[in-house]
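Structure, as structure tokens:
The values are calculated or read from the model by the stated rules, or taken from the named source; none is laboratory data. Computed from a predicted structure; not experimentally measured. Cβ atoms come from the backbone with ideal geometry, glycine included; neighbour counts cover every protein chain shown. We work out accessible area using only protein heavy atoms, side chains counted, and drop any ligands, DNA or RNA first. Shrake-Rupley method; radii C 1.70, N 1.55, O 1.52, S 1.80 Å.
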Amino acid sequence: MRRRWMAAVAITMAGLLSLTACGGGDQAGGGGEASRQQVEVFSWWTGPGEADGLKAMREIFEKQNPNLTFYDAAVAGGSGDKARALLASKLQADTPPDTFQGHAGAELQGYIKAGDLEPVNFLYDELKLRDVYPEQLIEQITVDGNIYSVPVNIHRSNVLWFNPSVLKEAGISEPPKTIEEFITALEAVKKTGKIPLSIGSEWTVVHLLENVLLGTLGTDAYNALWSADADWAGPEMTKALENFKTILSYAGTPQDDWQPAAKQVADGEAAFNIMGDWAYGYFHNPPDGGLGKTSKEDFDWAPAPGTEGTFMWLSDSFTLPKGAPNRDGAIAWLKVAASKEGQDAFNPKKGSIPARTDADKSLYTDYLADALEDWSSNKLAGSIQHGVTVSDPWRAAINEAVGLFQQDPDVATLQEALVNAAKTHGQ
Ligand code: GAL
């Protein structure tokens, strides 16, 4: 198990960040006694599917802490693109929220190395958390023996979501297992007039890229990209980027975010969408939080082509920023996020599985039962877009390169940009 994780992740230094402020939330901040009792929880879980999980955990927090007010500082935008930019400016200005969501792995290591976070070893001691988290997950949130966050879940990035009726109409009898089969299936759907592959905003295309890289290179070569043996310039990478170009040529009009792209599949307008399993919460949760769709009828899933047997993971975790205005309130939130009750309320709604190993397995049915099983048996690879393998500046460089590629799909230019990004930000 240890080796699986070690191979899946590289720890990279991060300098941070910049950018501007916008806002979100359901209460104004401000001074005085009242604001000291409020706990500002910063995330990007505002949208359909995402907000349901947060709400479930918030309810437990409020029940357990009648003296504290939950201040939802969530900033809209899938994958936290906008939220992380605002967070960076808040941290730079020394005005942190009481707690914020950060991805375990290289992204969190960036905050730690920038000195933004307090260690929370005391919580791990008090709540005996070392006994209930996988040791290797703790490694991802540790620097120099100190632990800096509380993971609340494990998400899977490499899921191919599809509409069974659209596949049937195109004569596709089972979901494609390899990249080659995927391209054949995309072509078959195109002939029906339906959208072969739905995509959302720019980050969803980077999400697609990480899946095509894993599916083409294979798990060992993908995991080597974050090590000293990385080969970004070689012919295998060229082949992977050519696959990416071909697959992207079947994409529909980019939607505003991941939800409208996923919805095109659930509504039978598109055949495929490659997205993390937060899409499951969105498809499955009852309206208004989700679409209330029927599993296996309106939507179905398979490992992204070429990635069967590998679980590309990421983990949302909550932190204790240095200078948190309501430190005790933040600790109260972290305790809920760390608890079995909190995780078992949050994850079935969020479309993720618990980070704790002692959760109530009976709550994880349907897609989530598959995820639990694969998590314990598959090889592991870390997500690029969701903070496991690359620091935030590296991720931003990859995003920029992919954005340019969408305007002018030249494989050589993209590969050169990826090589340079790895040189600048990698090992
Ligand atoms: C990821 C995050 C998930 C989900 C997704 C889409 O970065 O880890 O929890 O929110 O973005 O917004």
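Pick from region 276-288 the residues that are open to solvent by 10 Å² or more (accessible area, probe 1.4 Å) and within 13 Å of the ligand (Cβ to nearest atom): which of them is nearest to V212 (Cα to Cα)? Quick ask: steps written out before the conclusion?
As a first pass, look at region 276-288 and keep what is open to solvent by 10 Å² or more (accessible area, probe 1.4 Å): 278, 282, 284, 286-288.
With within 13 Å of the ligand (Cβ to nearest atom) added as a condition, the list becomes 278, 282.
Details: W278: 19, Y282: 23 Å.
Ranking the candidates gives W278 first.
When region 352-366 is filtered for residues that are within 15 Å of the ligand (Cβ to nearest atom) and either more than 20 Å from F100 (Cα to Cα) or of a type in the set (A, V, I, L, M, F, W, C) (or both), the ones remaining, listed by number, are I353, A355.
The helices (runs of 4 or more DSSP H) found wholly in region 226-306 and carrying at least 3 residues that are among the charged types (D, E, K, R) occupy 235-248.
Buried (at least 18 other Cβ atoms within 10 Å of the Cβ) and more than 16 Å from the ligand (Cβ to nearest atom): which single residue out of L320, L291 fits that description? Residue meeting the stated conditions: L320.
Consider G351 carefully, then state whether it is in contact with a helix residue (DSSP H, G or I) (Cβ under 6 Å, 6 or more places away or on another chain), surrounded by 14 or more Cβ atoms within 10 Å (Cβ to Cβ), among the small types (G, A, S) and under 24 Å from L117 (Cβ atoms). It would help to see each step written out before you state the result.
On the way: in contact with a helix residue (DSSP H, G or I) (Cβ under 6 Å, 6 or more places away or on another chain): yes; surrounded by 14 or more Cβ atoms within 10 Å (Cβ to Cβ): yes; among the small types (G, A, S): yes; under 24 Å from L117 (Cβ atoms): no.
It is false that G351 is in contact with a helix residue (DSSP H, G or I) (Cβ under 6 Å, 6 or more places away or on another chain), surrounded by 14 or more Cβ atoms within 10 Å (Cβ to Cβ), among the small types (G, A, S) and under 24 Å from L117 (Cβ atoms).
With respect to the conditions (1) touching an Asp or Glu at 6+ places or on another chain (Cβ under 9 Å); (2) surrounded by fewer than 21 Cβ atoms within 10 Å (Cβ to Cβ); (3) within 22 Å of T219 (Cβ to Cβ); (4) not polar (S, T, N, Q), I384 falls short on a single one, namely (2). Scanning region 53-73 for residues that are over 16 Å from the mean Cα position of the chain (by Cα) and either among the β-branched types (V, I, T) or within 16 Å of the ligand (Cβ to nearest atom) (or both) returns K55, A56, M57, R58, I60, T69, D72, A73. Checking each residue in region 215-230 for being modelled with pLDDT of 95 or more and either surrounded by fewer than 18 Cβ atoms within 10 Å (Cβ to Cβ) or more than 20 Å from N420 (Cα to Cα) (or both) picks out G215, T216, G218, T219, D220, A224.
Does N273 count as open to solvent by less than 40 Å² (accessible area, probe 1.4 Å), of a type in the set (S, T, N, Q) and more than 16 Å from the chain's Cα centre (by Cα)? For N273, the condition - open to solvent by less than 40 Å² (accessible area, probe 1.4 Å), of a type in the set (S, T, N, Q) and more than 16 Å from the chain's Cα centre (by Cα) - is not met. For region 301-310, the set of residues classified as open to solvent by less than 40 Å² (accessible area, probe 1.4 Å) and either over 18 Å from I353 (Cα atoms) or within 14 Å of the ligand (Cβ to nearest atom) (or both) consists of A304, P305, G306, T307, listed by residue number.
Can you list the strands (runs of 3 or more DSSP E) found entirely within region 100-163 that contain at least 3 residues being in contact with a Gly (Cβ under 6 Å, 6 or more places away or on another chain), more than 23 Å from N211 (Cβ to Cβ) and touching a residue at least 24 places away in the same chain (Cβ under 8 Å)?
Details: elements: 149-151, 153-156, 159-162.
Per the criteria, no element qualifies.
Has region 329-342 got at least one residue that is away from the ligand (no atom under 16 Å from the Cβ), in a strand (DSSP E or B), surrounded by fewer than 22 Cβ atoms within 10 Å (Cβ to Cβ) and not β-branched (V, I, T)? No. From the list A345, A412, A371, the lone residue that is part of a helix (DSSP H, G or I), at pLDDT 95 or above, hydrophobic (A, V, I, L, M, F, W, C) and more than 21 Å from the chain's Cα centre (by Cα) is A412.
The numbered conditions (1) open to solvent by 50 Å² or more (accessible area, probe 1.4 Å); (2) at negative phi are all true for A262 except (1).
Of all the listed residues (A270, A261), the sole one being among the aliphatic types (A, V, I, L, M), within 16 Å of the ligand (Cβ to nearest atom) and in contact (Cβ under 8 Å) with a residue 24 or more places away in the chain is A261.
Would you check if L167 is part of a helix (DSSP H, G or I), surrounded by 18 or more Cβ atoms within 10 Å (Cβ to Cβ) and in contact with a helix residue (DSSP H, G or I) (Cβ under 7 Å, 6 or more places away or on another chain)? Criteria not met by L167.
In this structure, does G47 turn out to be among the small types (G, A, S), modelled with pLDDT of 95 or more, within 11 Å of the ligand (Cβ to nearest atom) and farther than 18 Å from L320 by Cβ? Taking the combined requirement at face value, the residue does not satisfy it. Could you grab me the full set of residues in region 387-405 that are open to solvent by 10 Å² or more (accessible area, probe 1.4 Å) and either within 16 Å of the ligand (Cβ to nearest atom) or not in a helix (DSSP H, G or I) (or both)? Matches in region 387-405: D392, R395, A396, N399. If only residues of region 67-84 that are open to solvent by 20 Å² or more (accessible area, probe 1.4 Å) and assigned to a helix (DSSP H, G or I) are counted, the one that is farthest from L314 (Cα to Cα) is K82.
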